[in-house]
Amino acid sequence: MDRYSFITNKKPREIVLLKGFPCIWGKCTFCDYILDNSTSEEEINEVNFKVLKNITGKYKVLEVINSGSCFELPIKTLERIKDVIKEKGIETLFLESHWCYKNKVKDMREYFEIPIIFKIGVESFDYKFRNEFLNKNAKFKTIKELKEHFDSPCIMVGIKGQSKDQIDNDINIVLNNFNHATINVFVENSSNLKRDEELINWFKEKYVFLDDDSRVEVLYNNTDFGVGD
Ligand code: SF4
């Protein structure tokens, strides 16, 4: 498992995949990343401290992800991240959280004392598809509501059961409302959901221009950021 990497295009930054406590929700139908979660605070901190040692600050931007939300990182890990931010001159931080922690996002922004680009797994702006089919439990109703807490949505593309209209609508919303977003092309895992190759080929052709849009990062494989396995 690679836990440290750096991204050189669009928004250059270092990225670490840390270990966290179990995802508070843990029931999204497409997810098996939570297998990386642990209940041992000692084990989590040991792994995370080692990974955080890799950070050099070369881009002054750091992204911290874990298989869940940043609120599931132990306090000692958060403190170590804060130390690294100061030591290495990090000026911008990317973090991610589930919708259910929306009321704590502000506290996290204050804690780190530097600008944070807060990502959220939206997966789709289609309420029914998101909450029933994907079982995301992210029950915001409007984009305005989402933007009150979060900066950057992560969208999923290419699941059997998803339609072209849904994807068109999602990309349209992203391009018209956000300065940063991630599009994840679905890669089959141990969940029951299947990849729709025809839909993915259509997406790749129609939205090839996103590769040149600095606001949108398209991940064709879930290891495209260089972390994970
Ligand atoms: S919130 Fe994220 S980590 Fe938790 S189950 Fe859903 S996709 Fe997986």
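Mind listing just one residue for me: the one in the stretch 163-185 that is of a type in the set (D, E, K, R) and surrounded by fewer than 14 Cβ atoms within 10 Å (Cβ to Cβ) and, of those, nearest to the chain's Cα centre (by Cα)? Before you say what the answer is, go through the steps one by one.
In the first step, residues of the stretch 163-185 are kept if they are of a type in the set (D, E, K, R); the result is 164-165, 168, 170.
Restricting the remaining residues to those that are surrounded by fewer than 14 Cβ atoms within 10 Å (Cβ to Cβ) gives 164-165, 168.
On the way: Lys164: 23, Asp165: 23, Asp168: 21 Å.
Among residues in the stretch 163-185 that are of a type in the set (D, E, K, R) and surrounded by fewer than 14 Cβ atoms within 10 Å (Cβ to Cβ), the one nearest to the chain's Cα centre (by Cα) is Asp168.
Here are Glu148, Glu72, Glu123: which of them is open to solvent by less than 50 Å² (accessible area, probe 1.4 Å), closer than 25 Å to Ile173 by Cβ and charged (D, E, K, R)?
Numbers: Glu148 fails: open to solvent by less than 50 Å² (accessible area, probe 1.4 Å); Glu72 fails: closer than 25 Å to Ile173 by Cβ.
When all the criteria are applied, what remains is Glu123.
Please determine whether any residue of the stretch 33-44 is within 28 Å of Leu193 (Cβ to Cβ) and surrounded by fewer than 13 Cβ atoms within 10 Å (Cβ to Cβ).
yes
Among what's in the stretch 59-82 and is under 18 Å from the mean Cα position of the chain (by Cα) and acidic (Asp, Glu), pick the residue that is nearest to the ligand (Cβ to nearest atom). So that I can check it myself, show each step before the final result.
First pass over the stretch 59-82, keeping only residues under 18 Å from the mean Cα position of the chain (by Cα): 61-73, 78, 81.
Those still in the list that are acidic (Asp, Glu) too: 63, 72.
On the way: Glu63: 16, Glu72: 9 Å.
Checking each candidate, the answer is Glu72.
Examine the stretch 14-30 for a residue that is touching an Asp or Glu at 6+ places or on another chain (Cβ under 6 Å), hydrophobic (A, V, I, L, M, F, W, C) and more than 15 Å from the ligand (Cβ to nearest atom), and state whether such a residue exists.
Kept after step one, since they are touching an Asp or Glu at 6+ places or on another chain (Cβ under 6 Å), are these residues of the stretch 14-30: 15, 20-21.
Next cut, hydrophobic (A, V, I, L, M, F, W, C) only: 15, 21.
From what is left, the residues that are more than 15 Å from the ligand (Cβ to nearest atom) are 15.
Looking for residues that are touching an Asp or Glu at 6+ places or on another chain (Cβ under 6 Å), hydrophobic (A, V, I, L, M, F, W, C) and more than 15 Å from the ligand (Cβ to nearest atom), one finds at least one in the stretch 14-30, hence yes.
Among residues belonging to the stretch 45-58 that are hydrophobic (A, V, I, L, M, F, W, C) and open to solvent by 30 Å² or more (accessible area, probe 1.4 Å), point out the one that is nearest to the ligand (Cβ to nearest atom). Before the answer, list the steps.
Of the stretch 45-58, the ones hydrophobic (A, V, I, L, M, F, W, C) are 47, 49, 51-52, 55.
Within this subset, residues satisfying the condition of being open to solvent by 30 Å² or more (accessible area, probe 1.4 Å) are 47, 49.
Values: Val47: 17, Phe49: 22 Å.
Per the criteria, the residue is Val47.
Since Lys11 meets every condition but one in (1) within 16 Å of the ligand (Cβ to nearest atom); (2) farther than 15 Å from Gly228 by Cβ; (3) among the basic types (Lys, Arg), which condition does it not meet?
Result: Lys11 fails condition (1) only.
Listed here are the residues, each with its yes/no results for (1) buried (at least 19 other Cβ atoms within 10 Å of the Cβ); (2) at pLDDT 95 or above; (3) not polar (S, T, N, Q).
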| residue | (1), (2), (3) |
| --- | --- |
| Ser190 | no, no, no |
| Arg195 | no, yes, yes |
| Phe203 | yes, yes, yes |
| Phe209 | no, yes, yes |
| Glu217 | yes, yes, yes |
| Asn222 | no, no, no |
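Quick grid of which residues meet (1) within 18 Å of the chain's Cα centre (by Cα); (2) open to solvent by 10 Å² or more (accessible area, probe 1.4 Å):
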site	(1), (2)
Asp2	yes, yes
Val16	yes, no
Cys23	yes, yes
Glu87	no, yes
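The values are calculated or read from the model by the stated rules, or taken from the named source; none is laboratory data. From a predicted model like this one, the values you see are computed outputs, not experimental measurements. Positions of Cβ are generated from backbone atoms using ideal geometry, with glycine treated the same way; all protein chains shown enter the neighbour counts. Protein only, heavy atoms only, side chains kept; ligands, DNA and RNA dropped before computing areas. Shrake-Rupley method; radii C 1.70, N 1.55, O 1.52, S 1.80 Å.
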